[in-house]
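Novice: Next up is a structure, given as structure tokens.
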Amino acid sequence: MEYEYKQKIIYQSNYWYNDGLRKANMHDLSGAIVSLRRSLQYNRDNVAARNLLGLVYYGRGEVCEGLVEWIISKNFKAKDNIANYFIASIQSSESELENYNQVVKKFNQCLNYCQQDGEDLAIIQLKKIVVEQPNFLKAHQLLALLYLHTEQYARARQTLRTARKIDTTNEQTLLYMHELTQLRGKKLKDQTQKEETITYTLGNETIIQPVSARIKEAAGRNTILNILLGIIVGAAFVWFLIVPAVVTSKNHTTNRQLVEYSDQIAAKDAEISAQKSALAEYRSTNDESEETVQTAASTSDSYENLMLASSQYDSNQYNNSTIAEALLNVKRAALGAQGQARYDELVQSVFTPLCDELYATAVSQIQVANYASAIDSLNQVVSMIEGYNDGAALLNLGVAYAKNGDTENATTRFNQVVETYPNTDIAAAAKTALGGDSNVGAAAQ
Amino acid sequence: MLDFQEELKKFKPSLEVEDIEDAVYQENLSDMTDLLREVMDQNNK
């Protein structure tokens, strides 16, 4: 019966050893420790469980605790025990063991710092410890606790993550992480609450007013204000920056066009001026041509009339009036030398006797106050021989005009006499007539 | 909310190399077998 109990105890020990092994494989080191301790409680001779326990302690950074288990295991089983290998491995590197010893001393010192309110010093020390011994779980946990205590939540979170990688189900680690989550939630809630409400006191009452309504009220107004402001800024930008540039560009284009047009206008003006000059030249040439034509026509007419007058005179069948009529159409200047000679001959022969006759008639007509007839006669005389009787014809013509009431023509004739025959009796008489006394010349007889 | 001092008390000093020997001697190695033997002995008495 005792054997049966012993067997059951061994089975139980092995059961918990297997459980510990399973948990150790999952990095559930805390759970593995519990299972392995239970295994050893059933059977302290379970060397495998003790070796594994030592290894789990070593995995958590607790080297000395691991060594203790391996030493005990070696005492239970001196040969063919893997604990010998573990111990030899650690003892082989004295420097590493010494380093680890120093780390443990520092950790213990940090605990003292914490108890003496030296959290800052402890944090500094622990930071170095976790660098030297990255899998030292207790150092990570203590550091996380200090970060939580000093409200360095981000660093606490990071440290706890590292701790959880070492031992996934460690109760302390999980507790701190839970605390961190709660703290973060509370902080967000407080922040949100602060944003959502405004608290103030009014007399004895504390008034908590939600902010969202005011924010919502202002939101629409702010949006419109922002839009208006944006429009104003945009308009100002366009007015002060873009419009001047556009205007300047347009002005440049306009100026350039103006310059081009001015050049064109100047060219056209020059062309017009040249055309005008050419036109004037053509006109003058044309005038000269016309004058030449007219002169030619006049010469031809003059010669024809001269020939007519000459033939009439030679035929003796025409009276002097008829011949004079033809002669009056002759322009002496258009004739050649011979023509002029013949003209002069005919004038002498025809104009002189005719003028004598007409002048005598005119004088008589003036004397009997037949001024109109006298004017006709004297006009004929002066048309043939302007200076007939040394201006007497002109003077009497003026008198006839004056007596006839044609003051204008009278004045013209009197002035003509004065200019043509100055310092003569005729001129004096003309001046008298110009003075208002037209009883001169034939009228004075 | 965590109580810093209470949590701090949970942290025990780690074993130093010099303390290994004492720790080995102080290790409680009783197991179920010893308990069973005691019970058997008492029954036999």
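Novice: Could you give log10 I(q)/I(0) at q = 0.14, 0.23, 0.29 Å⁻¹ for the stretch A:1-51, computed by the Debye formula over C-alpha point scatterers of equal weight, without solvent?
Specialist: Rounded to two decimals, the profile gives -0.31, -0.71, -0.98.
Novice: Please compute the contact order of the stretch A:2-92 in relative form: average sequence separation of alpha-carbon pairs under 8 Å and at least six residues apart, divided by the residue count, as a percent. Walk me through the intermediate numbers first.
Specialist: Values: 101 pairs, mean separation 18.3, N = 91.
After rounding, I find 20 percent.
Novice: With equal scatterers on the alpha carbons only and no solvent term, can you work out the Debye log10 of I(q)/I(0) for the protein assembly as shown at 0.06, 0.12, 0.13 1/Å?
Specialist: The calculated log intensity ratios at q = 0.06, 0.12, 0.13 Å⁻¹ are -0.66, -1.12, -1.21.
Novice: Between 0 and 90 degrees, rounded to the nearest ten: what's the tilt of helix A:212-237 against the longest Cα principal axis of chain A?
Specialist: The angle comes out near 40 degrees.
Novice: Taking chain A as the reference, fit the longest principal axis to its C-alpha atoms, fit the long axis of helix A:153-166 to the helix C-alpha atoms, and give the angle between the two in degrees, 0 to 90, nearest 10.
Specialist: Helix A:153-166 sits roughly 50 degrees off the main axis of chain A.
Novice: In the protein assembly as shown, with Lys and Arg counted as +1 and Asp and Glu as -1 at Cβ, which of these residues, A:Ser249, A:Cys114, A:Gln275, has the Cα nearest the positive end of the dipole, that is, farthest along it?
Specialist: A:Cys114
Novice: Measure out, as a whole number of angstrom, how far apart the alpha-carbon centroids of the stretch A:88-145 and the stretch A:308-358 sit.
Specialist: The stretch A:88-145 and the stretch A:308-358 have Cα centres spaced 164 Å from each other.
Novice: Where only protein heavy atoms count, and the probe is 1.4 Å, what is the accessible area per residue for the protein assembly as shown in Å²?
Specialist: Values: 30300 Å² over 490 residues.
That works out to 62 Å² for each residue.
Novice: Note down the nm distance, to one decimal, between modelled labels 7 Å out along Cα→Cβ at A:Gln294 and at A:Leu225.
Specialist: Each label point lies 7 Å from its Cα, and together they span 9.5 nm.
Novice: Now for a separate question. What does the convex hull of the Cα atoms come to per residue for the stretch A:319-392, in Å³? Intermediate values should be presented prior to the final figure.
Specialist: Details: hull volume 6.4 nm³, N = 74.
Normalising the Cα hull of the stretch A:319-392 by residue number yields 86 Å³.
Novice: Cα convex hull of the stretch A:2-92: mean projected area in nm², to one decimal? Don't jump to the answer; show the numbers that get you there.
Specialist: Details: hull surface 22.9 nm².
It is 5.7 nm².
Novice: For chain A, with a Gaussian network of springs between Cα atoms less than 10 Å apart, report the residue from A:Asn204, A:Asn46, A:Asn135 with the top mean-square fluctuation.
Specialist: Most flexible of the set in this elastic network: A:Asn204.
Novice: Which residues among the stretch A:114-135 fall inside the zone where the amide N is under 16 Å from a point 7 Å beyond the Cα of A:Gln102, along Cα→Cβ?
Specialist: Within reach of a label on A:Gln102: A:125-134.
Novice: Work out how much length A:Asp390 to A:Lys165 would gain on full extension: take 0.36 nm times their residue separation and subtract the Cα-Cα distance, in nm to one decimal.
Specialist: Numbers: separation 225, 0.36 × 225 = 81.00 nm, distance 15.82 nm.
My answer for the length gained is 65.2 nm.
Novice: Any chance you could check the Cα centroid distance between the stretch A:149-192 and the stretch B:1-42 for me, in angstrom?
Specialist: Here the answer is 29 Å between Cα centres.
Novice: For the stretch A:232-351, what is the convex hull volume of the alpha-carbon atoms per residue, in Å³?
Specialist: Numbers: hull volume 18.5 nm³, N = 120.
Cα convex hull per residue, to the nearest whole number: 154 Å³.
Novice: Averaged over B:15-28, how many beta carbons belonging to a partner chain fall within 10 Å of each residue's beta carbon?
Specialist: Numbers: counts 10, 9, 11, 3, 3, 7, 2, 1, 7, 6, 1, 1, 6, 3.
Taking all residues of B:15-28 together, the mean is 5.
Novice: What shape does chain B have by the C-alpha gyration tensor, where a ≥ b ≥ c are the square roots of the eigenvalues, rounded means a/c under 1.5, and otherwise prolate means a/b greater than b/c and oblate the rest? Before the final figure, lay out the partial values.
Specialist: Numbers: a/c = 6.27, a/b = 1.90, b/c = 3.30.
Verdict is oblate for chain B.
Novice: What distance in nm separates the simple spin-label points at A:Ala341 and A:Glu304, each placed 7 Å from Cα in the Cβ direction?
Specialist: 2.6 nm
Novice: Each label point is 7 Å from the Cα along the Cα-to-Cβ direction; what then is the distance between the points at A:Asn255 and A:Asp356, in nm?
Specialist: Here the modelled spin labels are 9.3 nm apart.
Novice: Which value in deg cm²/dmol, rounded to the nearest 500, describes the helix-derived mean residue ellipticity at 222 nm for the protein assembly as shown, given -39,500 (n - 2.57) per DSSP H run of n ≥ 4 and division by the residue count? Don't skip to the answer; put the middle values down first.
Specialist: Working: 22 runs with 376 residues, N = 490.
When only DSSP H runs of four or more count, the value is -26000 deg cm²/dmol.
Novice: Which value, in debye to the nearest 20, gives the size of the charge dipole of the stretch A:336-444 about its Cα centre, when Lys and Arg are +1 and Asp and Glu are -1 at the Cβ? Please report the intermediate quantities before stating the final value.
Specialist: Working: 4 positive and 12 negative charges, 29 e Å.
It comes to approximately 140 debye.
Novice: What residue among A:Leu395, A:Leu229, A:Leu308 has its Cα farthest toward the positive end of the dipole of the protein assembly as shown, where the charges are +1 on Lys, Arg and -1 on Asp, Glu, each on the Cβ?
Specialist: Toward the positive end, the furthest listed residue is A:Leu229.
Novice: Run the numbers on the stretch A:69-90: which residues show a drop of 20 Å² or more in accessible area, chain on its own versus all protein chains together, using a 1.4 Å probe over heavy atoms?
Specialist: The answer is A:Ile71, A:Ile72.
Novice: Chain pair A, B: how much accessible area is buried, both chains summed, with a 1.4 Å probe, in Å² to 100? Let's see the in-between values first.
Specialist: Values: alone 28400 and 5060 Å², together 30300 Å².
The contact between B and A buries close to 3200 Å².
Novice: Work out the length of the dipole vector of chain A about its Cα centre, built from +1 on the beta-carbon of each Lys and Arg and -1 on the beta-carbon of each Asp and Glu, and round it to the nearest 20 debye. Mind dumping the intermediate values first?
Specialist: Numbers: 41 positive and 50 negative charges, 1484 e Å.
Its charge dipole is roughly 7120 debye.
Novice: Taking only Cα atoms of the stretch A:336-444, what ratio of Rg to Rh do you get with Rh as the Kirkwood inverse-distance radius? Could the numbers behind the result be given before it?
Specialist: Values: Rg = 14.3 Å, Rh = 13.9 Å.
Reported Rg/Rh (Cα atoms, Kirkwood Rh): 1.03.
Novice: Further question: Just check the stretch A:398-445 against the gyration tensor rule for me: Cα atoms, a ≥ b ≥ c as the square roots of the eigenvalues, rounded for a/c under 1.5, and otherwise prolate or oblate depending on whether a/b exceeds b/c. Each step should come with its number before you reach the end.
Specialist: Numbers: a/c = 2.08, a/b = 1.30, b/c = 1.60.
Oblate is the answer for the stretch A:398-445, as a/c is 1.5 or above yet b/c matches or exceeds a/b.
Novice: Right, something else. Could you work out what % of the accessible surface of the protein assembly as shown is carbon and sulfur, using a 1.4 angstrom probe and leaving DNA, RNA and ligands out of the count?
Specialist: Numbers: 15750 of 30300 Å².
Result for the protein assembly as shown: 52 percent of the exposed heavy-atom area is carbon or sulfur.
Novice: What is the distance in Å between the Cα centres of the stretch A:1-76 and the stretch A:369-424?
Specialist: 175 Å
Novice: Let me ask you something else. Looking only at other chains, what is the average number of their beta-carbon atoms within 10 angstrom of each beta-carbon in B:5-12?
Specialist: Working: counts 3, 0, 9, 7, 1, 7, 12, 3.
Across B:5-12, the average partner-chain Cβ count within 10 Å equals 5.
Novice: Between A:Tyr15 and A:Lys77, what's the calculated FRET efficiency when r is the beta-carbon distance and R0 is 25 Å? Round to 0.05.
Specialist: Working: r = 21 Å, r/R0 = 0.82.
Taking R0 as 25 Å, the efficiency between A:Tyr15 and A:Lys77 is 0.75.
Novice: Measure nothing but the geometry: give the 0 to 90° angle between the long axis through the Cα atoms of A:243-315 and the longest principal axis through the Cα atoms of chain A, rounded to 10°.
Specialist: The two axes meet at around 10 degrees.
Novice: By its C-alpha gyration tensor, with a ≥ b ≥ c as the square roots of the eigenvalues, how is the stretch A:90-166 shaped: rounded for a/c under 1.5, else prolate for a/b larger than b/c, else oblate?
Specialist: Details: a/c = 3.04, a/b = 1.50, b/c = 2.03.
The shape class here is oblate.
Novice: Determine the shielding of peptide B:30-41 by partner chains: average, over its residues, the number of Cβ atoms on other chains within 10 angstrom of each Cβ. Please list the in-between numbers first.
Specialist: Working: counts 3, 10, 12, 10, 1, 3, 5, 3, 0, 1, 3, 0.
Neighbouring Cβ atoms belonging to other protein chains average 4 per residue here.
Novice: Can I ask one more? Filter the cross-link list A:Lys23/A:Lys77; A:Lys127/B:Lys9; A:Lys105/A:Lys165; A:Lys79/A:Lys106 down to pairs whose alpha-carbon distance in this structure exceeds 29 Å. Display every interim value, and only then the final one.
Specialist: On the way: A:Lys23/A:Lys77 25 Å; A:Lys127/B:Lys9 20 Å; A:Lys105/A:Lys165 24 Å; A:Lys79/A:Lys106 36 Å.
Among A:Lys23/A:Lys77; A:Lys127/B:Lys9; A:Lys105/A:Lys165; A:Lys79/A:Lys106, the Cα-Cα distance tops 29 Å for A:Lys79/A:Lys106.
The values are calculated or read from the model by the stated rules, or taken from the named source; none is laboratory data. In this text, all values refer to a predicted model and were calculated from it rather than measured experimentally. Cβ sites come from the backbone with ideal geometry, for glycine too, and all protein chains shown count toward neighbours. Protein only, heavy atoms only, side chains kept; ligands, DNA and RNA dropped before computing areas. Shrake-Rupley method; radii C 1.70, N 1.55, O 1.52, S 1.80 Å.
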